[in-house]
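The values are calculated or read from the model by the stated rules, or taken from the named source; none is laboratory data. As the structure is a prediction and not an experimental result, all values here were calculated from the model. For neighbour counting, all protein chains shown are included, and Cβ atoms are generated from backbone atoms with ideal geometry for every residue, glycine included. The protein model used for the area step is the full one, side chains on, heavy atoms only, and it has no ligands, DNA or RNA in it. Shrake-Rupley method; radii C 1.70, N 1.55, O 1.52, S 1.80 Å.
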Amino acid sequence: MAAPPAALVAKVKKHFIGIPAPLGYVAGVGRGATGFTTRSDIGPARDANDVSDDRHAPPTKKKKKDEEEDDDEDLNDSNYDEFSGYGGSLFSKDPYDKDDEEADMIYEEIDKRMDEKRKEYREKRLKEELEKYRQERPKIQQQFSDLKRGLTMVSEDEWRNIPEVGDARNRKQRNPRAEKFTPLPDTVLSRSLGGESTSSIDSASGLMSQYPHGTVTPGMLTPSGDLDLRKMGQARNTLMNVKLNQVSDSVEGQTVVDPKGYLTDLHSMIPTYGGDINDIKKARLLLKSVRETNPNHPPAWIASARLEEVTGKIQAARNVIMKGCEDNPKSEDLWLEAARLQPPETAKAVIAQAVRHIPTSVRIWIKAADLESETKGKRKVYRKALEHIPNSVRLWKAAIELEDPEDARILLSRAVECCPTSVDLWLALARLETYENARKVLNKARENIPTDRQIWTTAAKLEEANGNINMVEKIIDRAISSLSANGVEINREQWIKEAIEAEKCGSVKTCQALIKAIIGYGIEDEDRKHTWMEDADSCASQLAYECARAIFSHSLAAFPSKKSIWLRAAYFEKNHGTRDSLETLLQKAVAHCPKSEVLWLMGAKSKWLAGDVPAARGILSLAFQANPNSEEIWLAAVKLESENSEFDRARRLLSKARASAPTPRVMMKSAKLEWCLNNLDTALQILEEALVKFPDYAKLWLMKGQIEEQQGDVDRAHETFNSALKKCPSSIPLWIWLARLDERRKMLTKARSVLEKGRLKNPHNPELWLEAIRIEFRAGMRDIANTMMAKALQECPNAGILWSEAIFLEARPQRKTKSVDALKKCEHDVNVLLAVSKLFWSERKLQKCREWFNRTVKIDPDFGDAWAYFYRFEVLHGTEEVQEDIKKRCIAAEPHHGEAWCIVSKNINNWRLTTENVLMLVAKDLPIPI
């Protein structure tokens, strides 16, 4: 049945065509479709601006109730902020009239205007951020942009021959000439092996692929057009044997491939430059542009060659630099760079060309000499160079360094003729000549160069070396007058430096003459003493002791009655001189400053340490005559006699001193001598007499209480300390001794109250806090001790002894943090530095511990505990040489302070021990930090 004509079919129009979709309509939802996103429009399938269906639904009672609750919530206290007011809209229920519309328009215009003002800045900032982001994370298309530009040069054949990876569908259409091989089936081989006589395949059988034009694949057939299967099988068997042999070698462990050499070859293929290849290409283009624009600019050629060298293309670098040398044959920088880039043999040829183009270049001649491996060749090059450039000092020096002394002298005689203004050449010639000839040479040098001081100083050294001491000062004086006449500025610092150099060369008289001539030059009279002392310290710090001694000598001649200069000179001789030089200086010092007790005592001590006790007594007797009733001299005489076991003489001296100069120290030393000799009753009698005259001298009370405790009369000692604190409430040792006495009497509460009372009388005192903390710690109250430590650090935040104790009160993990806090508060406190050193010791960081110990004893050499811990550390972890060095340094420093040190040194039984003995005893009993 035929279909009805199209015109007779009634067209039924769909009712929804031409009608807009209802609100909230999403196509396909009824069939279970869900929204999706595409690259063109990222976001949900439903438009974000669509209004939900709930808006057109009739409002229910529940919704109305929710809206009313929302309105109430807008005015709730939880929705109110002091700065921005209520959150949300407060007038959402009010009508929107024309005034509101006008206000909104005005605000909108203001916002637009403000936005336009910031638009330029915002766009600029956005552009910069985008560029920065693209530089850090470029797109793939940007990374391959240079390759894309290079595609314009690809021909059609090259384009068609680009290999495809894994897609061979249209290869024949792209490249119709491509060969297509079909593998030979095994059936053919089996037939040939099975005895069939067929030994070739007809090309028309289809087993071999053909060209489109019908010709057989070339290279695969015999000249007659047939394939020889026997040869093919033999070749395949041979190939299989080779592979099997390789595999068998690998199995047996034989080295078929050298892995090290293979890796070395791979390493040589890795480019040495690790930068961005785009940067290299840009730099190469820029440098090429510079070379083409200005080919006579040598730095452009050098930069291009170095770029190629950096990227590993050494041959390209050589080609570039040689091209530059052709364009700029007069540039020595280019020739030198070319010689550097070339191998040694080729470099010689390059330098030879350079010499022909620039025969007057010193650098090129020196490079040519450096390329020679033998000394003979170097000499030949330098002599040839001097023919072209006879006035080059650098070439003369380089040539002379290669010669023997005699040949060097001959060359120097010619060199000073060619370069008469070179001081170094004249001085070198003078050193090689005899004494008479050297004087003539230096005279000629002064004539040619009248403005150089080195020639004069060399002449002075020459005279001193040959015994003409009298001529040294004359030459230096003439030098200053001659140089001043020739307009040369006399610089003190330079001349003092010249004196230091002369001393280092062994010319002592020359250095002394230089100091004497220049020391007072250009200094005001009122600044002389201060300036000279600074100069002496500077010379001593540079180990120029003769220069410092000369400065002191001149200063003492100018200021003979200045006790401070004599003292500094004496300490200098004590540290850097000999005993004879010190005693000679002190004899002069006491003659000019007889009222200076320190100088007398230093002289007596020097004699005593040398073992000359009578001479020491003589010096002290002279000191008595110059300083009658001097406490220091009395006590020094007493110490001299007591140290030499002359106790009766010491008693008589002290008795005379008490009669003529009854000072508290004299009374105390008298009592201490009797205490040391175990005459306790006599010592107490002397102390009671002393306390009647000097009741406010705390050390007398302290000694009395200690002697009474030693006798076993603890109650009497307790009364003594209580009486002492009424007279001397500011004496911290008295408070501490009384508290310790109560602690030994098992009266811990009393000891606490004593220390608390002491802190009230002496606020902000770290020693009292430390003793209170230790009492709690010894009593086992560790928590109370930590609490007291916190209070103590609040009251005394810069007390090093508290911080050092606090470090080891902490647990091991927190000690390092505590030490950092301590160093921030007390950076240069010896107690903190010692605690940090012990902390490193406990952590077994030996090298750091040694460094911190050195720092501690350097900051305060008088701190005996640091020396003792340092010696103990080296005994356990160091060598004997280091131990002896520390012992010598400690004896030289003569420390007197330190808690552990004073416990041993002030023990009455150890009163005759030397510093070395005290060091050994203290170090022996020190605990190892853990």
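Only Lys, Arg, Asp and Glu count, each charged at its Cβ (+1, +1, -1, -1), so figure out the dipole size of segment 411-450 about its Cα centre, rounded to 20 debye. Could you put the intermediate results ahead of the total?
Working: 6 positive and 5 negative charges, 13 e Å.
Roughly 60 debye for segment 411-450.
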Handout entry: Spread of Cα-to-Cα distances over 5 Å intervals beginning at zero, given as percent, for segment 742-829
Key = 3, 15, 24, 24, 18, 9, 5, 2
Practice task
Just report the Cα centroid separation between segment 873-892 and segment 801-850, whole Å.
Solution key: 22
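Sorted by accessible area (1.4 Å probe), largest first, how do Glu463, Glu689, Glu345, Glu894 line up?
Values: Glu463 10, Glu689 90, Glu345 135, Glu894 70 Å².
So, going from the largest accessible area down, we get Glu345, Glu689, Glu894, Glu463.
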Practice task
Report, to the nearest whole %, how much of the accessible area of segment 774-930 belongs to carbon and sulfur atoms, 1.4 Å probe, protein only.
Solution key: 53
Fill in the blank from the handout: Interchain or sequence-distant (5+) residues whose placed amide H lies within less than 5 Å of the amide H of His897 are Gly864
Practice task
Along Cα→Cβ, 7 Å out, is where each label goes; now give me the distance between the ones at Ile784 and Ser289 in nm to one decimal.
Solution key: 8.5
Exercise for the section: At a Cα cut-off below 27 Å, give the lysines reachable from Lys98, other chains included and same-chain residues fewer than 8 away excluded. Expected result: Lys112
Handout entry: Carbon and sulfur %, accessible surface of segment 670-764 computed with the full protein complex present, 1.4 Å
Key = 50
Fill in the blank from the handout: Per principal axis, largest first, the Cα atoms of segment 101-166 extend in Å by 71, 26, 25
Exercise for the section: Using a 1.4 angstrom probe, figure out how much accessible area segment 831-903 has per residue, in square angstrom, rounded to the nearest whole. Expected result: 47
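Starting from the coordinates of the alpha-carbon atoms of segment 641-764, obtain the Kirkwood hydrodynamic radius over all distinct pairs and give the value in Å to one decimal. Numbers along the way, then the final one.
On the way: mean 1/r = 0.0652 Å⁻¹.
It is 15.3 Å.
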Handout entry: Rg and Dmax of segment 530-677, Cα atoms only, in Å
Key = 17.4, 51
Exercise for the section: Anything over 31 Å Cα to Cα? Flag those among Lys639/Lys757; Lys746/Lys845; Lys845/Lys887; Lys595/Lys656; Lys607/Lys727; Lys761/Lys824, in the order listed. Expected result: Lys639/Lys757; Lys746/Lys845; Lys607/Lys727
Practice task
May I have the convex hull volume per residue, in Å³, for the Cα set of segment 335-383?
Solution key: 62
Exercise for the section: Restricting things to alpha carbons, find the Rg to Rh ratio for segment 563-616 using the Kirkwood radius for Rh. Expected result: 0.94
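Which value, in Å², gives the accessible area per residue of segment 270-348 when a 1.4 Å probe is used on the protein heavy atoms? Can you show the working numbers first?
On the way: 4550 Å² over 79 residues.
For segment 270-348, the per-residue accessible area is 58 Å².
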Completion exercise
Projected onto their principal axes, the Cα atoms of segment 768-878 stretch, largest extent first, over whole-Å spans of 39, 24, 23
Exercise for the section: Just flag the trypsin sites (Lys or Arg not before Pro) in segment 817-874 sitting in loop per DSSP whose Cβ has no more than 16 other Cβ atoms within 10 Å. Expected result: Arg844, Lys845
Practice task
Report the extension gain between Val692 and Asp100 in nm, rounded to one decimal, defined as 0.36 nm multiplied by the number of residues separating them, less their alpha carbon distance.
Solution key: 203.0 nm
Problem - Pair Ile469, Lys497: separation of 7 Å Cα→Cβ label points (nm) - result: 3.0
Handout entry: segment 303-370: Rg to Rh, with Rh as the Kirkwood radius over Cα pairs
Key = 0.96
Fill in the blank from the handout: So, for the Cα atoms of segment 675-716, Rg and Dmax in Å stand at 9.9, 27
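Please calculate how many Å² of accessible area segment 385-515 carries per residue, with a 1.4 Å probe and no DNA, RNA or ligand atoms counted. If you can, show how the numbers build up before the last one.
Values: 6660 Å² over 131 residues.
Ligands and nucleic acids excluded, the figure is 51 Å² per residue.
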Completion exercise
So, with points 7 Å from each Cα along the Cβ direction, the Leu913-Lys761 label distance in nm works out to 3.1
Exercise for the section: Check the straight Cα-Cα distances from Lys323 and name the lysines below 16 Å, setting aside those fewer than 8 residues away within the same chain. Expected result: Lys288, Lys313
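Loop only by DSSP, 12 or fewer other Cβ within 10 Å of the Cβ. Give me the GluC sites (Glu not before Pro) in segment 492-573 that pass, ordered by residue number.
Details: sites: Glu493, Glu498, Glu501, Glu503, Glu524, Glu526, Glu534, Glu546, Glu573; in loops: Glu524.
Answer by residue number: Glu524.
Expressed in nm to one decimal, what extension gain is obtained for the pair Glu128 and Asn241 from 0.36 nm per residue of sequence separation less their Cα-Cα distance? Don't jump to the answer; show the numbers that get you there.
On the way: separation 113, 0.36 × 113 = 40.68 nm, distance 6.62 nm.
Result: 34.1 nm gained on full extension.
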Fill in the blank from the handout: The distance between the Cα centres of segment 620-677 and segment 525-583, in whole Å, is 32
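Set the Förster distance to 35 Å, then compute FRET efficiency between Leu677 and Lys562 from the Cβ-Cβ distance, nearest 0.05. Display every interim value, and only then the final one.
Values: r = 42 Å, r/R0 = 1.21.
The pair Leu677/Lys562 has a calculated efficiency of 0.25.
Could you check how much of the accessible area of segment 602-661 is carbon and sulfur, as a whole percent, using a 1.4 Å probe? Can you show the working numbers first?
Working: 1460 of 2860 Å².
Carbon-and-sulfur percentage of accessible area, whole number: 51.
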Problem - For Asp925, solvent-accessible area (1.4 Å; no DNA, RNA or ligand), Å² - result: 120
Practice task
Work out how far the C-alpha atoms of segment 845-897 reach from end to end along every principal axis, then list the three figures in whole Å, largest first.
Solution key: 27, 19, 13
